[in-house]
Each structure stands twice: as C-alpha cells, then as structure tokens.
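Participant: Pasting in a structure now, in structure tokens, and then I'll have a few things to ask.
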Ligand code: 4VN
C-alpha cells in the first residue's frame, strides 16, 4: 500500500486560561491592542504539564478514539520547538507514557511548520512495509520559553497539543505537498540558543528566551505562504477553488485574512481559532483540525490544505483528501 489516511484526530489544551486583560496587569498592553492586531482573546497556559504530557494525552485520546492498540503503533513523531529535554526526545517520552512498545519515536524541529514537516516524514515512512500506523503530534509549552517581559512576543503565544493517527490505505488521500526552508532568515525567530563558552571547563549553558522580528516574519509569511500553497496545489493538479478548507498555522488572524485575499479564496474556507488559544506553533494546525472534525466543519472526502510557516524560517503545505 502506497498511501495513508487520517483515522482519528485529537487535541488537548491546558485548563488555565489567561485573558488579554490578565496580561495587561503584567505588562503595558491592552485587550484592544492584542485583539485588533492579532485576533487573540485568550490563551491556555500550562502550569504543570510539560510538552510530552500534553502530547501523551493526545496520544491516549487517539488510541481510544480509533480503537488502535498501543502495541500496533509503528511510528511516533512529535513536532515541537519546546521539548521537555534535548534527550530523550519528546516522542520517546510519549512512547513510554502510552506504552507503544513497538514504535519508532523521534522529534522534528521545524517550529511552526513542524506539523506539516512531520506529516511529510510520516507519509514517506508509511510507504515502507514495516510501518502501518503512525502518530503525528504537534505539542508545545511555549510559556516556558517566552520572555514574559517582552510585550511584543509574550502576548502572542499559548500552550497546547494536537495530533492525528495515520493508517496505510489503498485509497489516494495525499494529493500534494510542498516544503521550503529559508535558513538565511534564521535570526528572525530564535529560541534556546546555546553558545559554546570560550572557557574550559564551560559553565552549564542557559537557554536564550524566544525572540522574533515580527515585521520581517509577517512580511515573509504574506509572500511565502500563498506561494507554498500554490505549489502544493500545482503538484496535486487541483485548482485552489477545489480546496474545501485551508487550515493555516494560527500565527495571526490578520495574516490568515491576507493569505485568503492573495489566494483569491473566501475567508469562510479559513477556519480560525487563534482567539481561544493564541499561537501554539507546531500544535496550532492539529488543534484546529481536531476541532473542525469534531464540529463537523470538515467531513470525509473533502479537500484540506494544511499550511505551516515560521521558525527556520520554514514553510510547508500538505493537501489531503480527508
Ligand atoms: C509566523 C508569523 C508570526 C507573527 C509575526 C508577526 C506578528 C505573528 C507583528 C506585528 C504586530 C502584531 C503581531 Cl507571521 C509568528 C510566527 C511564530 O509562530 C510565525 N504576529 N505580529 C503589530 O504591531 O500589529
């Protein structure tokens, strides 16, 4: 079998809700500024669960919903830019927590494009006879790497996880994909730098917090995201009008509206939940996908384009028949 389909979707977000008004008590910002510039009203923040805990909770939901036994999972890929540790990988932690003893587990580091990159890698491995069931999860606890004294970034992000269980399938569900990376622009989004100290023995490294050149990334996204979606549609040999839903990384509601305009597609095809969760990086598309499936917004047989973009800088689009 040469193709795969999504057999279940799930998401988990921490219970603590932090509103824009809550943030305006901590820093010089306002609900009106955050809402009008980004579309964000609140975000969910984790005070106890780490990235692997949220991801494992998604993994358990996927098993429960699909009826797939943990032992049947062959592959676990977690996309994250806020892992529990350098090693073990977050995916390995998830494997231990859900008891998927036969799975191969590793992480993908492609920031906000991570979920699409991970889907692409899983898709390639599912062509091999040894892989039949794959879990692809995007999970982030960005709150632990955010600089809460930098109001230009602190108001934008939130924590959460979402994922899918994939199964090999005789039907054709993967229609087209496009990945692109822009390493020359790497300094526009940076977190967790660990410089080599000049002294020996070196002190234990402290990680740098999240920084972003918002204007540069915004400009990048408005140009490169429509381009990536168009390339993926061309590879799928479909017209953009045939795409039923565009699930974009929830980085900023204004960017999503601008991409819709540039693609000449109605905004109704672009579901948005950034108001509730803020920007959850690699988790944003799988959380949105799980919600859309649950609400009946996305139905079997429909064509869905998933587009990620962000740190790297990176972009990625995958077009599937759900
Ligand atoms: C992709 C994007 C962003 C992003 C960039 C800029 C931005 C989000 C700048 C202008 C500001 C409002 C906020 Cl496009 C972030 C990531 C990382 O996931 C990825 N917001 N803004 C304003 O002054 O209006």
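The values are calculated or read from the model by the stated rules, or taken from the named source; none is laboratory data. What you are looking at is a predicted structure, and each value in this text was computed from that prediction instead of being measured. We place every Cβ from the backbone using ideal geometry, glycine too, and count neighbours over all the protein chains shown.
Participant: Got a number for residues in region 281-322 being away from the ligand (no atom under 16 Å from the Cβ) and in a helix (DSSP H, G or I)?
Facilitator: Residues meeting the conditions: 6.
Participant: Going residue by residue through region 81-88, is there one that turns out to be buried (at least 22 other Cβ atoms within 10 Å of the Cβ) and in a strand (DSSP E or B)?
Facilitator: no
Participant: Which is part of a helix (DSSP H, G or I), without any contact (Cβ under 8 Å) to a residue 12 or more places away in the chain and in contact with a helix residue (DSSP H, G or I) (Cβ under 7 Å, 6 or more places away or on another chain), of 24, 52?
Facilitator: 24
Participant: Here's something else I'd like to know. What about residue 91, is it assigned to a helix (DSSP H, G or I), over 11 Å from the mean Cα position of the chain (by Cα) and buried (at least 24 other Cβ atoms within 10 Å of the Cβ)?
Facilitator: For residue 91, the condition - assigned to a helix (DSSP H, G or I), over 11 Å from the mean Cα position of the chain (by Cα) and buried (at least 24 other Cβ atoms within 10 Å of the Cβ) - is met.
Participant: Can you name the condition, by its number, that residue 127 falls short on among (1) outside any loop (DSSP other than H, G, I, E, B); (2) under 20 Å from residue 6 (Cβ atoms)?
Facilitator: Evaluating residue 127 over (1) outside any loop (DSSP other than H, G, I, E, B); (2) under 20 Å from residue 6 (Cβ atoms) leaves (1) as the failure.
Participant: Here is a further query. Picking from 33, 4, which residue would you name as being touching a helix residue (DSSP H, G or I) at 6+ places or on another chain (Cβ under 9 Å) and at pLDDT below 95?
Facilitator: 4
Participant: Say we look at region 259-280 and pick out the residues that are without any contact (Cβ under 8 Å) to a residue 60 or more places away in the chain and within 20 Å of the chain's Cα centre (by Cα); which of these is farthest from the ligand (Cβ to nearest atom)?
Facilitator: That would be 269.
Participant: Pairs under 7 Å by beta carbon, first residue at positive phi and outside the structural domain of residue 7 (by TED's automatic domain parsing) in region 130-159, partner assigned to a strand (DSSP E or B) and within 14 Å of the ligand (Cβ to nearest atom), six or more apart or different chains?
Facilitator: none
Participant: Here's a follow-up. Select from region 273-294 the residues that are surrounded by fewer than 21 Cβ atoms within 10 Å (Cβ to Cβ) and under 24 Å from residue 38 (Cα atoms) and list them in ascending order.
Facilitator: 273, 275, 276, 291, 292, listed by residue number.
Participant: Evaluate the following for residue 38: is it more than 18 Å from the chain's Cα centre (by Cα), surrounded by 14 or more Cβ atoms within 10 Å (Cβ to Cβ) and under 21 Å from residue 283 (Cα atoms)?
Facilitator: no
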